[in-house]
Amino acid sequence: MPSCNTCDKFFNPATLDEEGVCPDCGRQVTIGEMAHDFDNETVKVPWHFWVGVAAVIGYLGWRLIQGVGLLFW
Ligand SMILES: [Zn+2]
């Protein structure tokens with residue numbers, strides 16, 4: 001639930017404007033857990049995460065091949 005740390009108040013997300021500014025003091029409010037339901041895009045794993053995973057797997061696989069090669073050669 002959105003809350004203003006300055007005023008120590010909680011707000012209904014529907015009562016806030018798009019910028020999430022506190023109507024009392026004009027400061028940016030702290031967006032709580034409720035906001036994640038409205039912003040699913042940030043919950044998804046970005047495509048570059050999988051690029052990193054693939055790079056790590058490839059690197060570890062290469063090191064494994066090198067390690068096996070050292071044992072037998
Ligand atoms: Zn406030």
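Of the set (1) at pLDDT 75 or above; (2) surrounded by 10 or more Cβ atoms within 10 Å (Cβ to Cβ), all apply to residue 32 but (1).
In segment 7-18, which residues are surrounded by fewer than 15 Cβ atoms within 10 Å (Cβ to Cβ) and at pLDDT below 80?
Once the filter is applied, which keeps residues that are surrounded by fewer than 15 Cβ atoms within 10 Å (Cβ to Cβ) and at pLDDT below 80, segment 7-18 yields 14, 15, 17, 18.
Restricting attention to segment 12-22, the residues that are in contact with a Phe, Trp or Tyr (Cβ under 8 Å, 6 or more places away or on another chain) and either farther than 12 Å from residue 2 by Cα or not in a loop (DSSP other than H, G, I, E, B) (or both) add up to 1.
The values are calculated or read from the model by the stated rules, or taken from the named source; none is laboratory data. This structure is a prediction, so every number in the text was calculated from the model and none was measured. So basically every Cβ, Gly included, is an ideal-geometry build from the backbone, and we count neighbours across all protein chains shown.
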